[in-house]
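All remarks here apply to the structure that follows.
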Amino acid sequence: VIKFLDLRTLNQQYSENFQNLFSNFLESGRYILGEQVENFEREFSAYCKVEYCVGVGNGFDALRLIFMAYKQMGLFKEGDEILVPANTYIATVLAIADQGLVPVLVEPDPYSFNIDPFRIENFISNKTRGILPVHLYGQLADMASIQGIANKFSLVLIEDCAQAHGSRNENGELAGSFGHAAAFSFYPGKNLGALGDGGAITTNNKRLYDILRKLRNYGSSQKYLNEIKGVNSRLDEIQAGILRIKLRNLDFDNDRRREIALEYTNGVNNEIIKLPKWGGGADHVFHLFVIQSNYRESLARYLKSYDIETLIHYPVPIHLQKSFPEFIKAKLPRTEEIHETVLSIPLYPSLKDFEVHRIIEALNRFERPQ
Ligand SMILES: Cc1ncc(COP(=O)(O)O)c(C=O)c1O
């Protein structure tokens with residue numbers, strides 16, 4: 001069986017490093033916010049070419065804490081509107097709602113599936129305070145246009161980089177360095193994945209950084225002195241150690257992902273399968289390789305019969321989820337069409353060449369169902 005994602009083979013190569021890490025960690029006697037988190041924060045901010053990084057419990061908290069910090073700074077208040085793509089993972093939108101802010105769903109660009117910059121201005125009201133683009137599937141959103149809009153309307157720009165560690169534009173600017181703040185997830189399946197939950201926030205804003213450091217630790221920077229109301233959301237020390245080991249391989253892993261993506265792009269030739277639009281650059285790190293077909297269910301079943309696993313990202317759009325009854329009247333035809341036709345095929349660094357070729361062959365032999 002060709003697994004959709006094989007976390008075991010992805011992490012196998014680090015086995016010895018992880019064992020050493022664990023023995024040293026055990027011996028260190030310091031298990032929360034120790035040197036691993038501190039070093040990871042330094043190394044990850046350097047990698048993203050930003051001043052500061054704060055390690056937190058997961059990607060959802062990274063987003064939530066950014067909103068909490070801006071409320072603390074007086075830039076956001078409950079009821080303020082935040083523009084967000086309608087097709088993203090639900091965590092992005094939940095984090096806005098969690099902080100008493102109002103998510104405003106914007107339709108995607110039909111080619112990249114990322115938030116459509118041409119539509120954003122239509123949704124700006126006198127309550128709009130922020131914009132939260134997502135680099136979906138690993139491809140940078142159109143950050144030049146979005147930065148222009150954020151500046152024009154004085155909006156806070158927050159990036160959701162949960163799927164885009166290491167993607168960069170032609171000037172070498174990285175995901176996580178375009179916004180006023182950016183959120184990362186290190187969920188095990190991400191391009192930079194821990195062996196458990198993990199997340200981080202990157203920013204160049206010292207004041208935001210200072211507040212975030214307190215917020216993740218009960219609002220305290222000095223034990224038992226609580227300056228603001230915070231939460232407990234600290235990046236785990238052992239996960240930080242694991243991430244430091246894997247960060248050294250991130251660019252290499254992303255190159256391998258693009259190599260496989262190129263094989264798919266060049267090899268798949270079937271008129272009833274649509275391939276993702278990509279110019280070949282490093283703006284895409286292929287967290288997911290998402291194809292489209294009007295016969296999606298048959299295609300998934302067909303691939304399964306060839307022992308090829310697939311997944312759908314995502315089957316039900318946020319505005320049609322039971323948890324968001326407030327969106328029930330939203331008209332988002334592009335988002336719905338995407339959700340009805342997308343299918344993600346296996347793509348990860350430890351996928352073997354022969355597996356890639358088997359997948360290409362199977363896709364090319366797929367026929368329109370009767
Ligand atoms: C786009 C996006 N945002 C946020 C998250 C939330 O990250 P986490 O699962 O670490 O909370 C995820 C992944 O799960 C994601 O894909």
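The values are calculated or read from the model by the stated rules, or taken from the named source; none is laboratory data. Only a predicted model underlies this, so the values are computations on that prediction, with no experimental measurement involved. Using ideal geometry, Cβ is built from the backbone for each residue, glycine included, and neighbour counts are taken over all protein chains shown.
In the set (1) of a type outside the set (S, T, Y); (2) over 20 Å from the mean Cα position of the chain (by Cα); (3) within 16 Å of the ligand (Cβ to nearest atom), G148 fails one condition alone, (3).
Pairs meeting the criteria (first residue in the stretch 122-146 and farther than 22 Å from R257 by Cα and in a strand (DSSP E or B), second residue within 16 Å of the ligand (Cβ to nearest atom) and among the basic types (K, R), beta carbons under 8 Å, at least 6 apart or on different chains) are lacking.
Of the residues making up the stretch 229-278, those that are of a type outside the set (D, E, K, R), closer than 30 Å to R368 by Cα and part of a helix (DSSP H, G or I) are I260, A261, L262, Y264, T265, N266, G267. Kindly indicate whether any position in the stretch 23-35 is within 15 Å of the chain's Cα centre (by Cα), surrounded by fewer than 24 Cβ atoms within 10 Å (Cβ to Cβ) and of a type in the set (V, I, T). Looking for residues that are within 15 Å of the chain's Cα centre (by Cα), surrounded by fewer than 24 Cβ atoms within 10 Å (Cβ to Cβ) and of a type in the set (V, I, T), one finds none in the stretch 23-35, hence no.
Of the set (1) away from the ligand (no atom under 16 Å from the Cβ); (2) of a type in the set (S, T, N, Q); (3) within 28 Å of K229 (Cβ to Cβ), all apply to Q99 but (1). Being touching a Ser or Thr at 6+ places or on another chain (Cβ under 8 Å) and over 17 Å from F4 (Cα atoms) holds for only one residue in S293, S323, and it is S293. Confirm whether G172 is surrounded by fewer than 19 Cβ atoms within 10 Å (Cβ to Cβ), within 10 Å of the ligand (Cβ to nearest atom) and not in a helix (DSSP H, G or I). No: the conditions fail for G172. Could you list, in sequence order, the residues of the stretch 176-232 that are among the polar types (S, T, N, Q), touching a Lys or Arg at 6+ places or on another chain (Cβ under 8 Å) and within 30 Å of Y137 (Cα to Cα)? Residues satisfying the conditions are S177, N191, N232.
Per this entry, R119 is counted among residues that are surrounded by fewer than 17 Cβ atoms within 10 Å (Cβ to Cβ) and touching a strand residue (DSSP E or B) at 6+ places or on another chain (Cβ under 8 Å).
Comparison of R301, R296 shows that the only residue that is basic (K, R) and without any contact (Cβ under 8 Å) to a residue 12 or more places away in the chain is R301.
Conditions tested, residue by residue: (1) over 28 Å from L243 (Cβ atoms); (2) more than 11 Å from the ligand (Cβ to nearest atom).
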position: V50; (1), (2): no, yes
position: G57; (1), (2): no, no
position: D61; (1), (2): no, no
position: L65; (1), (2): no, yes
position: L83; (1), (2): yes, yes
position: A86; (1), (2): yes, yes
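The rows are residues; the columns are (1) closer than 30 Å to S350 by Cβ; (2) surrounded by fewer than 16 Cβ atoms within 10 Å (Cβ to Cβ); (3) modelled with pLDDT of 95 or more.
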position: G199; (1), (2), (3): yes, no, yes
position: I211; (1), (2), (3): no, no, yes
position: Y218; (1), (2), (3): no, no, yes
position: N232; (1), (2), (3): no, yes, yes
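Applying the condition of being part of a loop (DSSP other than H, G, I, E, B) and within 9 Å of the ligand (Cβ to nearest atom) to the stretch 151-166 and asking which residue is surrounded by the fewest Cβ atoms within 10 Å (Cβ to Cβ) yields Q163. Here A261, A182, A194 are screened, and the one residue that is within 16 Å of the ligand (Cβ to nearest atom), in contact with a strand residue (DSSP E or B) (Cβ under 7 Å, 6 or more places away or on another chain) and not acidic (D, E) is A182.
From the residues in the stretch 175-204 that are assigned to a loop (DSSP other than H, G, I, E, B), of a type in the set (S, T, N, Q) and under 17 Å from R42 (Cβ atoms), which one is farthest from the chain's Cα centre (by Cα)? Once the filter is applied, the top-ranked residue is N204. Got at least one residue in the stretch 94-110 being closer than 25 Å to L174 by Cβ, of a type in the set (D, E) and out of contact with any helix residue (DSSP H, G or I) (no Cβ under 6 Å at 6 or more places or on another chain)? Yes; the residues of the stretch 94-110 include at least one that is closer than 25 Å to L174 by Cβ, of a type in the set (D, E) and out of contact with any helix residue (DSSP H, G or I) (no Cβ under 6 Å at 6 or more places or on another chain). Just the residues that are touching a strand residue (DSSP E or B) at 6+ places or on another chain (Cβ under 6 Å) and either in a loop (DSSP other than H, G, I, E, B) or not hydrophobic (A, V, I, L, M, F, W, C) (or both), please, taken from the stretch 284-306. Across the stretch 284-306, the qualifying residues are H284, L288, Q292, R296. When P346, P317, P276 are screened for being within 24 Å of the chain's Cα centre (by Cα), buried (at least 19 other Cβ atoms within 10 Å of the Cβ) and under 24 Å from A95 (Cα atoms), only P317 passes. Looking at S112, is it crowded, with 17+ Cβ neighbours inside 10 Å, away from the ligand (no atom under 11 Å from the Cβ) and farther than 20 Å from A240 by Cα? Yes.
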